[in-house]
Amino acid sequence: MKSIVISSNSSGGGKTTITLGIMKALMKKGFDVQGYKVGPDYIDPAFHSYITRKPSRNLDLFLMGEEGVKAAFSRGKGDIGIVEGVMGLYDGKGIDSKYSTAHVARVLNLPVLLVITPKAQSATLCAEINGILNFEKINAAGIIFNNISESYYKLLKAAVEKNCNIKVLGYVPKDERLSLKSRHLGLVQSSEVEDLNEKIDLCSDLILKYVNLQELLTCLKETENYEDNYHLINRGKRYQLLMIRLLVFIILKI
């Protein structure tokens, strides 16, 4: 399975909107997509599952450790894995990047797609992007700008291509219909969004039109499979048979 991490410079930077749009756009192209979420959040994975029709998997280094994250990632199935980050790229448990999206990307050896929603910036935004790229070692696949006009995008694209070492893959234009409501725990749940299907369809159509999806596909990276001590696969039918017998025994004793 080829995969990529989608991150941003902050919460509210457009990660979820772009993640959902890319997932749907890839599925419209015929790909089987597997969703993941950095951290313990359950709200964003519900949005992923709404699109992919399969469970989205949490990747939490603080709770699961590196072995657990690698194994949880390997349990996902599909042509393409999309890992949605949390907060800003380097924001973790404390004042460094431990347990952050960048940390997960390094553990899984995956490239990072940056999603940024700029506001009245050009050269200063380039300084911010360079700060992100140079803060720690990451494999930056490219950048997508969110919620901007076409003229502003052309300005930013020229500025970034001149001042930063990162590909500009496109943008998603301003459209009030794309907004997802939020509250103190983050976004409202997927079941609470009445026109969710229309929002996702619209976002995916905009991505297909304004983002170089073909270039993005070349940035995905094949990942190796991992197993932890709880994997039954490849351990022989004897172990599976023992588990079945144990379950039958428990049921009979109830």
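The values are calculated or read from the model by the stated rules, or taken from the named source; none is laboratory data. Computed from a prediction, not measured in an experiment: that's the story for all the values here. Here the Cβ is made from the backbone with ideal geometry for all residues, glycine too, and neighbour counts use every protein chain on show.
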Of those in region 128-160 that are of a type in the set (D, E, K, R) and closer than 16 Å to Leu113 by Cα, the residue surrounded by the fewest Cβ atoms within 10 Å (Cβ to Cβ) is Lys137
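Any residue that is among the polar types (S, T, N, Q) and at positive phi - is there at least one of those in region 129-141?
The first filter runs over region 129-141 and keeps only residues among the polar types (S, T, N, Q), leaving 130, 134, 139.
The next check asks that each one be at positive phi; those that pass are none.
No, there is no match, as no residue in region 129-141 is among the polar types (S, T, N, Q) and at positive phi.
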Of the residues Ala120, Ala127, Ala102, which is touching an Asp or Glu at 6+ places or on another chain (Cβ under 7 Å) and not in a strand (DSSP E or B)?
-> Ala102
Out of region 74-98, which residues are aliphatic (A, V, I, L, M) and without any contact (Cβ under 8 Å) to a residue 24 or more places away in the chain?
-> Ile95
Residue pairs meeting the criteria (Cβ under 7 Å; at least 6 apart or on separate chains; first closer than 13 Å to Ser3 by Cβ, in region 102-125; second in a helix (DSSP H, G or I) and among the β-branched types (Val, Ile, Thr)) = Val104/Val69; Val107/Val69
Would you please name the residue that is farthest from Leu178 (Cα to Cα), looking only at residues in region 11-48 that are modelled with pLDDT under 95, out of contact with any Leu (no Cβ under 9 Å at 6 or more places or on another chain) and hydroxyl-bearing (Ser, Thr, Tyr)?
-> Tyr42
Inside region 21-74, the number of residues satisfying the requirement of being hydrophobic (A, V, I, L, M, F, W, C) and in contact with a strand residue (DSSP E or B) (Cβ under 7 Å, 6 or more places away or on another chain) is 12
Lone unmet requirement of (1) at pLDDT 95 or above; (2) surrounded by fewer than 18 Cβ atoms within 10 Å (Cβ to Cβ); (3) hydroxyl-bearing (Ser, Thr, Tyr) for Tyr171 = (2)
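Could you tell me which of the residues Lys77, Lys98, Lys119 is over 26 Å from Asp201 (Cβ atoms), out of contact with any Pro (no Cβ under 6 Å at 6 or more places or on another chain), at pLDDT below 95 and of a type outside the set (Asp, Glu)? Full working, then the answer.
On the way: Lys77 fails: over 26 Å from Asp201 (Cβ atoms); Lys98 fails: at pLDDT below 95.
From the options Lys77, Lys98, Lys119, the qualifying one is Lys119.
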Search result, residues across region 11-20 that are of a type outside the set (S, T, N, Q) and either touching a strand residue (DSSP E or B) at 6+ places or on another chain (Cβ under 7 Å) or closer than 12 Å to Ile80 by Cα (or both) | Gly13, Gly14, Lys15, Ile18
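Is it fair to say Lys77 is touching a strand residue (DSSP E or B) at 6+ places or on another chain (Cβ under 7 Å), surrounded by fewer than 16 Cβ atoms within 10 Å (Cβ to Cβ) and assigned to a loop (DSSP other than H, G, I, E, B)?
When the stated conditions are applied, Lys77 passes them.
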